[in-house]
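Single-structure report; data block below.
Here, each number is a calculation from the coordinates, and none is a lab measurement. What you see is a predicted model; the values in this text were computed from it and never measured. Here the Cβ is made from the backbone with ideal geometry for all residues, glycine too, and neighbour counts use every protein chain on show.
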Amino acid sequence: MALFILRRLGVMILTALCLTFVVFFLTNLFPNLEKLAKTQGNARMTDAEVVSWLDRNGYGGPMIMRYGEWLGVVPGWTREDSRDGEITGRCIDPGTDPADAPRFCGLLQGDMGFSTVSDDEVSNIIGGRLQLTGVLMFWAFAVMVPSALIVGVLAGMREGSRMDRSLSTFAIGSTATPEYVSGVIFIVVLASSTTGISPWLAANGWIEGRTLFLGSARSAMDDGVNFWNFTLPVMTIALYGMGYIARMTRASMAEVMTAQYIRTARLKGVSFPNIVLKHALRNALIAPFTVIMLQFPWLLTGVVIVETLFNYNGFGWTLVQAASNNDIELLLACSIVAVFVVLVTQLISDIGYVFLNPRIRIS
Amino acid sequence: MEPLTWSGAFGAFLNPLMLAALVVFVLGFLSNFVMTLAGLRAGEMVVNADHTLTLQKTPIDYALMSMKYAVLLFLACCVGYIVAGLVLPSIEQRGIIAGMAARFVPVWIALVAVFALSITFKRRLGLYGKLFDSLIGMVGFGLVMFWVFTAVFAGMVATHGPIDVISQMRNEVPGSPLPSPGDGVYAYYLLGGDNLGRDVFSRMVMGARDVLSIAPLATLFAFMVGVTLGLPAGYFGGKLDTIITFIANLVLAFPVILLFYLLVTPEIVLAGVPQYMSMVLFIFPIIFLVILFNSRFHTQPPKRALLLSIVLAIGSISYFSLISDRSDPDAPFRFWPEAVDLFDIPGNLLIVFVSVVFVNSPTVFRIVRGIVLDIKTRDYVAAAQTRGEGPWYIMLWEILPNARGPLIVDFCLRIGYTTILLGTLGFFGLGVSPESPDWGSTINEGRRLLTIYPHPALPPALALMSLVLGLNLLADGLREESLKD
């Protein structure tokens, strides 16, 4: 078991290195750097000026060395200005003595760099944004997982029944509705003061404000999460992920219900609810566990869409902003977080599957 | 002129009927639900003493029956609207719904023809014919074909051009008349105007053409790549398998949205990354076809030479036309002479296409590899090996045809997923072009004023949803029917 985990960890680190290098490569291509130089320096730079600006600011070396610097395994660049002898460098903050600066400053040292657009340390920005997204993810999971499991178990316990057919159709429908479609429909139906059910409810005096729910989650960031501003984003994320988990749970439940030991239990005269809850459920939930864990990368896309649609300044929104503003260091940090989340959930799902499934553990 | 009403002249009695059907359905559903919870069961057959059967009806049966007839009534009303669109003479009498139904006439005719022919000959049509035994499969097929025919007849269905701007029609509600329609110009915006004054209905219809020309083709390419790599990885195993699987996992571990943002930004397009990627990805179909024919006909040299030269000629001309672009001074490949450069793909379209193929192919690879690992232990593979067939013949002509069932099902699902991906790209403004009527971009444009003017964003959203739903249902029906035998 320890060997298995070690090997998985090794593969994971190798994958992480490859992926971060790809991201680094794609964000540090010459056109990106040229744009950076022009936004940071002067928009009318000539090509030669761009090159010298990049050289001065440490973007000149070979790609692999810069990747090493960024990672923190190669000493950060330092450069002495030929005119006034001022020493600048990757690890030297403006206004501090170059002699005190550390030699290495990269990801491994906890230094994620400096966001050129927000004018702040990347680590300061990312932390708060991740917290906001964490809240959103937590509620989405709290809604999605239980409801998906209930739908899946109800559908799978009597395969082919009418309940199975209607719940399965619902699950297919929800997988066919991506976040940007369901979000739009939810806003139109539930959060618009001119259409949908809100004007009708307001006219009857059944709701206090003008709309049933708020079409923007901006207020959730400062005033805290409440039913009014957070229902729609959470529902939008939960709906798309739910169908897939429900279908997997249904398949696994239906398979378990045909097993011999269930038939034995039925012949012994155990009541149907007891069979489902005590005998079948535990075995039927092994497969969905893996699926739920592997939903994280999908949810990441969902989070980006929902945060953009509902104006919630979390991690996904930051990623979009960083990418469209050419904020290289911030985008790199976002990518690291995203890749890290994906790889860790894969690892957990692998290890968890082995732990949960006694048949694999013994062999 | 007056703006159109939603339901027109027939609406006076169709609307109450529809509403009644809806109410009956909801009541039936609720009572059914309550009674099921209360422990009532549906009626069962009872054998009487004189050997006759009696079907006892319980309240649940009546609730179910009322739901069934409510659904039928609702469908009848929908058909009624379409008929209204066909029989009523003027657009004012038809209203918006029937007016749209009238625009879709070529689509209806084609759909009816396809269904009539398919159901008549369904016993002779193999898996496709069996699809018409399952209701879910038929509904899915109907939805998909509706959009396919809409894409085909888009020129006849659309009322205006997708980028025709009438500035007075900005954000006008559905059914608004044009300020001064010229001769032969459709006098109304059936689904209103968007924020630039373009017709929402026409853009939705034209968008079907955009979506349905990219999504299936991209999926096909992803399958070519996945199959070409997955077959040897599963069949040979060993180091080759380890390396390709690692690369596939690498791509899979990339969050899709991040990959899109990294690939589709203008700077990346400037650096020529899409051209390099397309150079790699588009060579796989040629490799696939060459190996396919070579492994089969290498014992018949004349036939092999003929087939291979055809494939290579067509393949290389289109390959080089695709990757090389003489007119663009920034393009990395400009060597292919203009005379045989059949087409140039705009950089934006190419990058969208390439990134969608790139995201999809690792998943296809994993599926193919899994199936091959399963199938290669079968007896017919052992028989072919004993006959002395080459490995590629076994992979492409023994294993692949036997893996077609799951692959066809996955193909349908994957077109739906690709459609969602394309929509996602459009939603973030990374789509084909800013003016393109594809559904993702239209949703993106409409969402800014969503709470005040919902009508521009809603039709493309519903269209996308129904197409993907149709593809999912179709895949479900196919899976069910292919598992039956």
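Observations on the structure shown:
- Take the Kirkwood radius over Cα pairs of the stretch B:117-242, plug it into Stokes-Einstein at 4 °C and 1.567 mPa s, and you get 70 µm²/s for translational diffusion.
- Each of B:Trp108, A:Trp53 has some number of other Cβ atoms within 10 Å of its Cβ, and from fewest to most they run B:Trp108, A:Trp53.
- Percent of C-alpha pairs per 20 Å bin, chain B, short to long: 18, 46, 29, 7, 0
- Gyration tensor (alpha-carbon) shape descriptor, the protein assembly as shown, a/c threshold 1.5: rounded
- Shielding by other protein chains, A:156-166, mean Cβ within 10 Å: 1
- Which of B:Phe353, A:Met112, B:Ile109, positive extreme of dipole for the protein assembly as shown (C-beta unit charges): B:Ile109
- In chain A, the longest principal axis of the Cα atoms and the axis of helix A:179-190 are about 70 degrees apart.
- Using Cβ point charges alone (K and R +1, D and E -1), the dipole size of the stretch B:106-244 about the Cα centre works out to roughly 580 debye.
- The protection proxy used here, the mean number of other Cβ atoms lying within 10 Å of each residue, ranks peptides A:297-304, A:252-259 as follows, highest first: A:297-304, A:252-259.
- Placing one equal scatterer on every Cα of the stretch B:408-453 and applying the Debye formula, the log10 ratio I(q)/I(0) at q = 0.14, 0.17, 0.19, 0.23 Å⁻¹ is -0.39, -0.52, -0.60, -0.74.
- Straightening the chain between B:Leu349 and B:Leu483 buys 44.4 nm, computed as 0.36 nm per residue apart minus the Cα-Cα spacing.
- Packing-based ranking, highest mean first, of B:170-179, B:15-24 given that Cβ atoms within 10 Å are counted: B:170-179, B:15-24
- Rounded to the nearest 20, the size of the Cβ-charge dipole of the stretch B:188-293 about its Cα centre is 120 debye, with Lys and Arg at +1 and Asp and Glu at -1.
- If you take the alpha carbon atoms of the stretch B:1-108 and fit the smallest convex hull around them, that volume is 143 Å³ per residue.
- Approximate spin-label separation A:Gln131-A:Leu277, in nm, with each point projected 7 Å along Cα-to-Cβ: 4.1 nm
- Shielding value for B:245-257 is 6, the average number of Cβ atoms from other chains within 10 Å of each residue's Cβ.
- Our coupling estimate for the stretch A:30-46, obtained by passing each phi through the Karplus curve with A = 6.51, B = -1.76, C = 1.60 and θ = phi - 60°, is 4, x, 4, 5, 4, 5, 4, 4, 6, 6, 7, x, 9, 5, 9, 5, 7 Hz, Gly and Pro reported as x.
- Unit charges at the beta carbon, dipole of the protein assembly as shown: most positive-side option, A:Trp53, A:Trp70, A:Pro233: A:Pro233
- Hydrodynamic radius of the stretch B:171-310 per Kirkwood, over alpha carbon pairs, in Å: 20.1 Å
- Relative exposure of B:Leu467, A:Leu343, A:Leu71, B:Leu306, judged by other C-beta atoms within 10 Å (fewest first): B:Leu306, A:Leu71, A:Leu343, B:Leu467
- Shielding of peptide B:261-273 by partners, expressed as the average count of other chain Cβ atoms within 10 Å per residue Cβ, is 5.
- Span from the the stretch B:1-78 Cα centroid across to the the stretch A:177-243 one, whole angstrom: 31 Å
- Rounded to the nearest Hz, the phi-derived 3J(HN,Hα) couplings of the stretch A:56-73 under the Karplus curve 6.51 cos²θ - 1.76 cosθ + 1.60 (θ = phi - 60°) are 4, 9, x, 9, x, x, x, 4, 5, 5, 5, 4, x, 4, 5, 6, x, 10, where x marks glycine and proline.
- Size check on chain A: the Cα extents along the three principal axes, sorted descending, read 92, 66, 32 Å.
- Unpaired cysteine residues in chain A (no second Cys Cβ under 4.7 Å): A:Cys18, A:Cys334.
- Amide H contacts under 5 Å for B:Ser176: B:Leu4, B:Tyr189, B:Gly192, restricted to partners 5 or more places along the chain or on a different chain, H placed in the peptide plane at 1.01 Å from N.
- Taken as entire DSSP H runs, the helices of chain B that both span 20 Å or more between Cα atoms along their own long axis and average 1.6 or more on the Kyte-Doolittle scale are B:11-37, B:59-87, B:105-120, B:135-152, B:283-297, B:347-375.
- Computed helical MRE - 222 nm, chain A, DSSP H runs ≥ 4 contributing -39500 (n - 2.57), nearest 500: -22000 deg cm²/dmol
- Note on the protein assembly as shown: dipole from Cβ charges, positive end direction compared against A:Cys91, B:Val200, A:Phe186; the farthest Cα belongs to A:Phe186.
- The stretch B:402-454 and the stretch A:84-148 have Cα centres separated by 33 Å.
- Computed magnitude of the charge dipole of chain B (debye, nearest 20; Cβ of K, R +1, Cβ of D, E -1): 1140 debye
- The phi torsions of the stretch A:289-305, fed into the Karplus equation with coefficients 6.51, -1.76 and 1.60 and a -60° offset, translate into couplings of 4, 4, 5, 4, 5, 6, 6, 4, x, 5, 4, 4, 4, x, 5, 4, 5 Hz, rounded to whole numbers, with Gly and Pro shown as x.
- Cα gyration tensor category, rounded, prolate or oblate, for the stretch A:128-233 with a/c compared to 1.5: oblate
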